[in-house]
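Report on one structure; see the data block that follows.
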Amino acid sequence: MSAATTRSRTPDRLCAEAVDLARAAAEEAAAPGVVGEHTGVISEGNRVVTHFFECKELGYRGWRWAVTVARASRAKVVTVDEVVLLPGPDAVLAPEWVPWSERLRPGDMGPGDLLPTAADDLRLEPGFSGEDEPPPNSVLSEETAEKAEAEDTDAAEGLAKNLPTAPSRGSIAAVADELGMRRARVLSRHGLRRAADRWEEAFGPRTPMAQAAPATCVSCGFLVPIGGSLGQAFGVCANEFSPADGRVVSLAYGCGGHSEAAVMPKPPQPPPPVIDETKVDPFPLRPTADSGSVSETEDESSAELGHS
C-alpha cells in the first residue's frame, strides 16, 4: 500500500476540525433551523474532507447535509468546496424509475389517451394491401412450393389422427361440418339484433373513448375479424392495453391504443380568416384636409378655380 493511499484514508486534521465552517456553509445553503447535529466526517482524498449534518427538514427523513471542505498543500486556511443534501443509509427515497411502457397495465387507458405502437412491435405484422400481390401468371419458386407441400402433408396427417370417424365425402353433413353450420339451432334475427345493440352500447362509436380516439377499429391492426353477418359491423379487440381487450367491438369504435396512433396525421389547421373581425379599423370623425378632390390652398384668391 502506497503512502498516498494511506494519507487519503486518514482525514486531514485541519479539515476535520473545520466543523464550524462546514456548519455555517450548510446553514447558508439551507433554510433556517433545518441543519441538525454533526453526524460524522469522512476523507475524500488528500486534504479533502466531507462533514455530515443531520437534516431536520420535513419530508427528508434520513437525509443529511454534506459539506466538503479542502485546503491547498502547505496552506492552513480551509475553504468550502461543495454543499449538497444527500440521502443517508436510512433515507426515504422515491422508487426506481420505470419506463412508461413497463408501468402501463391493462385498464390504465382513458378517453383521449394515445398509446404509440412501436414499428417493431411483435404483436403486429405487415398486412396485405394488394401492392405486393404477384401477377396471376407468376410461378412460385421450387423452394416455396416444397415448403407448402410439406406443410399441407403434416396438416393432413394431424387431422387424420384427431378424427376417428370422418363423414363421407360429398354428403350434406360433411359440407355442414366444414361450413360450421351443423347445429340444432342458430341465432334468429331478433337474437342477432339484441346482441348487436348490447355490443354497440358497450363498445360503440358513441362512447367517450371512441369520441376521443384518433381513428376507428376498422383500420386497427389489433382488430380480429369475426365471421357471420355480424362480422360486417363488429370484431374482437386483441390489444392487451385497450379497455376493450377480448371484447366484441364495433368497427366504428376506437381508443388510444390504435395500432397506427403514433403515425396518425395531425388534424389540418384552419386557414387564417380573410376578414379579421377582432381588429378595430379607425374611422376619423372629421375628414382630413387632403381628402377632397381639390387640394387646399392658403389664399383662395390665388386659386385658379374658386369654390362655389
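Quick notes on this one:
- Maximal additional length on extending the Glu260-Arg189 stretch stands at 22.1 nm, based on 0.36 nm per residue less the C-alpha distance.
- For region 1-110, the Kirkwood estimate of the hydrodynamic radius, built from every pair of different alpha carbons, is 16.1 Å.
- Applying 1/(1 + (r/R0)^6) with r as the Cβ-Cβ distance of Leu58 and Asp120 and R0 = 45 angstrom yields a FRET efficiency of 0.45.
- For Thr39, distant residues with modelled amide H under 5 Å away: Phe52, Phe53, Glu54
- As a rough guide to protection, the peptides 41-52, 103-114 ranked by mean Cβ packing within 10 Å, highest first, stand as 41-52, 103-114.
- The gain in end-to-end length when the Val218 to Leu230 segment is fully stretched comes to 3.0 nm, 0.36 nm per residue minus the alpha carbon separation.
- With all protein chains modelled, accessible area of Val84 [1.4 Å, Å²]: 50
The values are calculated or read from the model by the stated rules, or taken from the named source; none is laboratory data. Fair warning: this is a prediction, and the values are worked out from it, not measured in the lab. Cβ atoms come from the backbone with ideal geometry, glycine included; neighbour counts cover every protein chain shown. Accessible surface areas use protein heavy atoms only, side chains included; no ligands, DNA or RNA. Shrake-Rupley method; radii C 1.70, N 1.55, O 1.52, S 1.80 Å.
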